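Undergrad: My structure is below; once you've seen it, I'll send some questions.
The values are calculated or read from the model by the stated rules, or taken from the named source; none is laboratory data. Worth saying up front: this structure is predicted, and the values here are computed from it rather than measured. Using ideal geometry, Cβ is built from the backbone for each residue, glycine included, and neighbour counts are taken over all protein chains shown. The protein model used for the area step is the full one, side chains on, heavy atoms only, and it has no ligands, DNA or RNA in it. Shrake-Rupley method; radii C 1.70, N 1.55, O 1.52, S 1.80 Å.
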Amino acid sequence: MLCNAQGLRRYKINTKMCPVLVKTLEKQVYGKDGSPDKQHDLDHPADATGYFIHRMYPIQGRATARIF
């Protein structure tokens, strides 16, 4: 939603109204295993944003037919 492979941005963040979210997205640290670092309390706003995006813009897969 923030930027897809074609460079299309469907979810934009107001930097003046959401400075904590901007800071979180700029400074989030990930461990060697790829999981977010939970020690610096920067993951909560990004998690909440992810939940919102997942709820409002769910991934819609293609319809499949069942073969017996």
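Undergrad: Compute the separation of the alpha-carbon centres of segment 37-63 and segment 8-22 and state it in Å as a whole number.
TA: When both Cα centres are located, 14 Å separates them.
Undergrad: Of the heavy-atom accessible surface of segment 12-68 (probe 1.4 angstrom), what whole percent is carbon and sulfur?
TA: 57
Undergrad: Let me know the charge dipole size of the chain about its Cα centre in debye, to the nearest 20, where only the beta-carbon of Lys, Arg (+1) and Asp, Glu (-1) is charged.
TA: 400
Undergrad: Can you give the longest stretch of the chain with no exposed loop site, where a site means trypsin sites (Lys or Arg not before Pro) in a DSSP loop (not H, G, I, E or B) with at most 12 other C-beta atoms within 10 Å?
TA: Answer from the scan: 39-61.
Undergrad: Could you give the length gained by full extension between Ile67 and Glu26, i.e. 0.36 nm per residue of separation minus their alpha carbon distance, to one decimal place?
TA: 10.1 nm
Undergrad: What residues from segment 44-67 fall in the zone where the backbone N is under 15 Å from a label point 7 Å along the Cα-to-C-beta line of Cys18?
TA: Residues passing the 15 Å test: 44-57.
Undergrad: Under a 1.4 Å probe, what is the accessible area of the chain per residue, stated in Å²?
TA: Value for the chain: 95 Å² per residue.
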